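None of the figures in this text is laboratory data; all of them are computed from the coordinates on show. None of these values were measured; they are calculated from a predicted model. Positions of Cβ are generated from backbone atoms using ideal geometry, with glycine treated the same way; all protein chains shown enter the neighbour counts.
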Amino acid sequence: MSKHQKTADLSGLYTAAIRESLVKLDPRRLWRNPVMFVTAVVAALTTVLGLRDFLAGAAGAGTSLHISAWLWLCVLFANFAEALAEGRGRARADTLRATKAETRVRLLSGVEESPERATEVLSTALRPGQIVYVAAGEIIPTDGEAVRGMASVNESAITGESAPVIREAGGDRSGVTGGTTVVSDWLVIRVTAEPGKSFLDRMIALVEGAERQKTPNEIALNILLVGLTLIFLFVVVTLPAFASYSGAAIPVIVLGALFVTLIPTTIGGLLSAIGIAGMDRLVKANVIAKSGRAVEAAGDVDTLLLDKTGTITFGNRMADALIPAPGVELRRLAEAAALASLADETPEGKSIVEKAREVLGALPGMPAGAEAVAFTAHTRLSGLDAGGRSLRKGAMDAVIRLTGKTPPGALAEQVDAIARSGGTPLLVAEGAEILGAVHLKDIVKPGVRERFAELRAMGIRTVMITGDNPLTAAAIAAEAGVDDFLAEATPEMKLDLIRREQAGGRLVAMCGDGSNDAPALAQADVGVAMNAGTPAAKEAANLIDLDSDPTKLIEVVLVGKQLLISRGALTTFSIANDVAKYFAILPAIFVAAYPGLAVLNVMDLASPTSAILSAVIFNALILVALVPLALRGVRYRPSSAAALLRRNLAIYGLGGLIVPFVGIKAIDLALVALNLA
Amino acid sequence: MTLISYLLYFAVLVGLAWLMAAWMARVYAGQLPAALRRVEAGLLRLGGVDPGRGMGWGDYARAVLAFNAAGFVLLYALLRAQGVLPLNPDGIAGMAPDLAFNTAVSFVTNTNWQAYSGEAQLSYLSQMAGLTMQNFVSAGTGMAVAVAVIRGFVGATGATLGNFWLDLSRSVLWILLPLSVVLALFLAAQGVPQTLQGAVVATGIEGEEQIIARGPAAAQIAIKQLGTNGGGFFGVNSAHPFENPNIASNLAQSLSILLIPVAFCFLFGRMVGDRRHGWAIFAAMAVMFVAGLAVIHGYEAAGNPSLGLGANMEGKEQRFGAMLSSLWAASTTAASNGSVNAMHDSFMPLSGLVMLVFMAVGEVIFGGVGAGLYGMMLYVVLAVFLAGLMVGRTPEYLGRKIEAREVTLAVLAFLSMPLGILVGGAVAATVPAALTSVQEAGPHGMSEILYAYTSATGNNGSAFGGWGAANPWQTTALGIIMILGRYAIIVPLLAIAGSMLRKPQAPVTSGTFPTHGPLFVTLLVLTVLILGALTFFPVLALGPIAEETARMAGQSF
């Protein structure tokens, strides 16, 4: 996309959001946000009173209308924030909807039936349980499970990843998603989604924010905001009585201004935008949440269950070290190992060649007339025959059988040590001579250790799940720095582990893909299913990762935390702002009755009118100024709760106390300079 | 010298409270000597109570309300009928209905707002069987509720809040009663009367006849201080030489006012099983208390320049001076006690402001016995909710999550303060029938109204003396507001406790922010000041702040 195009898109987004902020003035829609609803009511009241004064030609009508205008702007800014957040999601929803075009599909009467006898139906009419046939070049009409055949499928419409993936009947890669395209071969698919309830439908609804329900913490926060609004209502409604006792009269418009500036409009106006933007961040990470609740729960997770393969290790064993037999030079072993692996296309073979290159500096070329000896289940050896040299590598027992010798004592000890550490030893032989051993091991991904240390600082325990034996598991666990591991794990053991953790009051997150993961995914508080996984797993999970990347779990936790932090930080900021607003408005309204109260005018605002206007304008401007922060989310760096609290309290608590003093004073200076007050 | 005296006072207070907390922890856990247990069991059996039956929050709240309602009915009947009942040597008549209502509510809610003058309007029977009785059980009610609330936060999941009748009996029998006996004997030794004989009629040197009131005062004064009741035997309360004859009696009473409230902080720490939590709550309260005390002492010791040099001695007893009067004023308003040894009406305007703030935040700066601690739990819930979000987790306190239900209940309870003070005060500042109570003009009159309604809502009981409390409008309105200030907080808090108790307790990790230590203390203090005090900034500006600025300009009221 060119830069020009992008700017055009953005301005379109803003135009739509501005239009939408006016539509959202509909009382029925405003009602859902009590703080903004109240603000709108006050704005309407002050407008009517201002107009009345204006028509009567009363003094100060201009100021009244000026105040009213800013009160309306405050409401519009809040609507704008929400509309902008929704708009970003809607743009994505539109591209998704484009892939959801109605097509004709071939319906089979049974799994084994030939496609020639299929009947054609509309894709939108498909019901769960029906069987359809999809051939290369066709779009998969809806969500389902491959029950026959194997095909490569382009899922870029959903994941954005253009490399096709394999989907096949049986196993853990049987799930297919509506809107994706079969690139080669064909699939027979059993439909699993109700019409209009497919994954794509859900995703569209989600990114549009149409089905957004308030999360538990959001509900609690809303109650607090309503409570604060009520308290300030008491303050403002009772104030005329106290004021008239004191011989001061406060115009209703000023009371309205005081009320709106005191109630938490900043957070009230941004609350839903924060929630929508949080979901959007997840969508950007290619994770679909089935409910906002799951995202919030992710922030609360205490224990992460991580699959070893793919998350912690690369999933393939790789050469870690070359160990020559006594009396054999390392270079000779490296050369032999490299030659024996040159023709080996497996990741293990390639890693041996790579290791040998490190030792030798360069690779030996393939000798002329060399003949590769491939691995067979019978010999369990592979290697190369060239110019009378016979090079082989293989498991210890296979090499012993080949050479008729056992490795010399020192080498035997090292081989034992490798096995004990959870690695796999391979022996390399030339003819009947054992040259040494290759230490193959599961390589821990770079950066994983640091990641787990971060998680620990956040108070999250990591548990590695693996099918390896306890010895291997312990070695990898220690290397990766996880807090605990579950070796030789079965689905039942996983489920037990989750229940145990939950019984201790902990919230557990896990990811899985297979059908046998479904119970554990359902039991976990946060279950992330891989999109490539089975429908059962996807059904049981509350989040689905479209990239099928198990490390995503950690991203999800971070997004969840950021969402909560943004809400808390802006609420704190909003409440702390009230101190300055009191100092702006109170002297302004009381100074006529008690001139001494001018000492409260610590900001030295020019006049009572400009003081009130400045507070109202600040209140509206701070809302719009914080929209980017609400959409982006408060910066979050993993650290302990105490450190986070200290930092956020300093920025948003202390900042919330100070910023409005500066802001209101600046606006006051501007108003005076512009002769507006 | 002053500083050393204050430090010494605090050291003794904290030391005694620490010891007290250790004893209270044993009392409420039932770790009592066998003989005491037998007495307790016998008494409860008489009342037909099964002390082993634990109560949920609903049962607990119902028991509290039923017990207090019964107490109210009995006391009201007694006050109305005192004229025809025995132990009335001075032949005092029955009380008027509105005043009896006000007085009965006042003592049942641990407020001890006195719209009457004891020596003129109460028989000895009313004083002893009525007021002193309620002094014990209203304090015991507050303590029992606090213990139940603590259990809600720290108890095992699915446990109960305890048994109200048992907690109440234990509070009275093993905490309030023994302390009161000791204090009453000490006060009697210092010269406080304890007699059933009527007033003494003496002829002064100028030949005028003088009636000197007396009665069974020492016993009532002991519990009025220990139970943060504050209702004096005599109208002028602890400024009266028979209530508080000398420095020693003053010191003993000053310590008694704060003893149990401070001990509750430490008891909380003990019941949590981590004393740092108790220290954190104590520290938050102490920071605010010391800051307020410093302001009061500063203004009172400096005096009013327009009245000449020296401390402000207007309305103060010569034998106590500025320091002991300031300490008492801070303690009695912070602790929801309400007894006075000097006339608050005559304090400097900003001293009055501090006293108003101490009460207006909901009596949580040590506060009433038990009531201060459970009141502070409201702020803890709100502080933890805000701060908890800022660390990226569903907020939790002591391992339990604070969710919509708790926030709703906390907000509900929280509303009672602005409702009582602002709405009650606004009406009183408007309605002509109520305005006749106001003695002083200008902002000081405003402070008087505010003080009365704040004192009633906070269940404090002290007043700006010049204000006419006996006005039927005020007796009725304040009576209703005292009920609001007491039960609109107790019931939601018990509900919070019940709902917390049902939640699983998560282990504390580095992902949960620590609720002890300076950071939490700062947060809690800020929450109290911003959520609690800021609400009242506009009215305080019209009252004491306006008065102070006028005073600086040389105008007085």
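When only the Cβ of Lys, Arg, Asp and Glu is charged (+1, +1, -1, -1), the dipole of chain A relative to its Cα centre reaches about 1700 debye.
The stretch between A:Asp604 and A:Val662, if pulled fully straight at 0.36 nm per residue, gains 19.7 nm over its current Cα-Cα span.
Per-residue Karplus couplings for the range B:104-112, computed as 6.51 cos²θ - 1.76 cosθ + 1.60 with θ equal to phi - 60°, are listed in order as 4, 4, 4, 7, 5, 8, 6, 8, 6 Hz, Gly and Pro entered as x. Sequence-distant contacts, meaning Cα pairs under 8 Å at least 6 residues apart, place the relative contact order of chain A at 14 percent. With a simple spin-label model that places each label point 7 Å from the Cα along the Cα-to-Cβ direction, the separation between B:Ala96 and A:Val111 comes to 9.2 nm. Per-residue shielding of B:530-541, expressed as the average number of other chain Cβ atoms within 10 Å of the residue Cβ, stands at 6.
Model label points for B:Gln210 and A:Ala642, set 7 angstrom from Cα along the Cα-to-Cβ axis, are 6.3 nm apart. Note on B:Tyr487 and A:Glu413: their simple-model spin labels are 8.5 nm apart, each label 7 Å out from Cα toward Cβ.
Going from the fewest other Cβ atoms within 10 Å to the most, the residues B:Phe67, A:Phe375, B:Phe414 appear in the order A:Phe375, B:Phe67, B:Phe414.
Each part gets one Cα centre, and for the range A:285-330 versus the range B:527-557 those centres are 62 Å apart. Scanning residues 5 or more positions from A:Phe485 or on other chains, those with amide H under 5 Å from its amide H are A:Met464, with H placed 1.01 Å from N in the peptide plane.
Averaged over the residues of peptide B:421-432, the number of Cβ atoms from other protein chains lying within 10 Å of each residue's Cβ is 4.
Between the beta carbons of A:Ala44 and B:Leu435, assuming R0 = 30 Å, the FRET efficiency works out to 0.30 to the nearest 0.05. Sequentially through the range B:335-347, phi angles give Karplus couplings (6.51, -1.76, 1.60; θ = phi - 60°) of 8, 6, 8, x, 6, 10, 10, 8, 8, 4, 4, 9, 5 Hz, Gly and Pro residues having no value and appearing as x. Look at the stretch B:543-556: the mean tally of other chain Cβ atoms within 10 Å of its residues' Cβ atoms is 3. In a fully extended conformation the segment linking A:Leu122 and A:Leu13 would gain 35.8 nm over its present Cα-Cα distance, using 0.36 nm per residue.
A Förster radius of 30 Å, combined with the Cβ-Cβ distance separating A:Glu354 from A:Thr309, puts the computed FRET efficiency at roughly 0.90. Please compute the net charge surrounding A:Thr46, taking Lys and Arg as +1 and Asp and Glu as -1 over other residues with Cβ under 13 Å from its Cβ. Local net charge: 0. Evaluated with a Cβ-only charge set (Lys, Arg +1; Asp, Glu -1), the range B:116-220 carries a dipole of roughly 600 debye about its Cα centre, given to the nearest 20. The A:Ala377 and B:Arg45 beta-carbon pair, evaluated with R₀ = 60 Å, returns a calculated FRET efficiency of approximately 0.10. Using the average count of surrounding beta-carbon atoms within 10 Å as a protection proxy, the listed peptides A:654-665, B:80-91, B:455-466 rank, highest first, as B:455-466, A:654-665, B:80-91.
Less than 5 angstrom separates the built amide H of A:Val153 from those of A:Val165, A:Ile166, A:Arg167, A:Val183, all sequence-distant by 5 or more or on a different chain. Per-residue packing, averaged as other Cβ atoms within 10 Å, sorts the ranges A:134-141, A:542-549, B:197-204 into the order A:542-549, A:134-141, B:197-204, beginning with the highest.
Where the centroid of each part is defined by its Cα atoms, how far is the range B:40-96 from the range A:229-253 in Å? If you average the Cα positions of each part, the centres end up 41 Å apart.
What the phi angles of the range A:252-261 give under the Karplus curve with 6.51, -1.76 and 1.60, with θ = phi - 60°, is a coupling list of 4, 5, 5, 4, x, 4, 4, 4, 5, 6 Hz, glycine and proline written as x. Charged side chains reduced to their Cβ positions (Lys and Arg at +1, Asp and Glu at -1) give the protein assembly as shown a dipole of some 340 debye around its Cα centre.
Over the range A:318-447, Cα pairs under 8 Å with separation of 6+ residues give a relative contact order of 30 percent. Legend: residue pairs A:Lys561/A:Lys581; A:Lys284/A:Lys308; A:Lys441/A:Lys494; A:Lys284/A:Lys552, Cα-Cα distance threshold 20 Å; pairs beyond threshold, A:Lys561/A:Lys581; A:Lys284/A:Lys308; A:Lys441/A:Lys494. Put +1 on the Cβ of each Lys and Arg and -1 on the Cβ of each Asp and Glu in the range B:257-415; which of B:Ala280, B:Gly298, B:Val357 then has its Cα farthest toward the positive end of the dipole? The Cα lying farthest towards the positive end belongs to B:Ala280. Extent along the principal axes, Cα only, for the range A:540-677: 68, 31, 24 Å, with the longest axis given first. Exposure proxy ranking for B:Leu255, B:Leu36, A:Leu333, based on other Cβ atoms within 10 angstrom of each Cβ and starting from the fewest, stands as B:Leu36, B:Leu255, A:Leu333. For the pair A:Ala362 and A:Val252, the difference between a 0.36 nm per residue extended length and the Cα-Cα distance amounts to 31.0 nm. For the range A:1-130, averaging the sequence separation of C-alpha pairs within contact (under 8 Å, six or more residues apart) and dividing by the residue count gives a relative contact order of 22 percent. In terms of packing, defined here as the mean over residues of other Cβ atoms within 10 angstrom, the peptides A:439-445, B:377-383 line up highest first as B:377-383, A:439-445.
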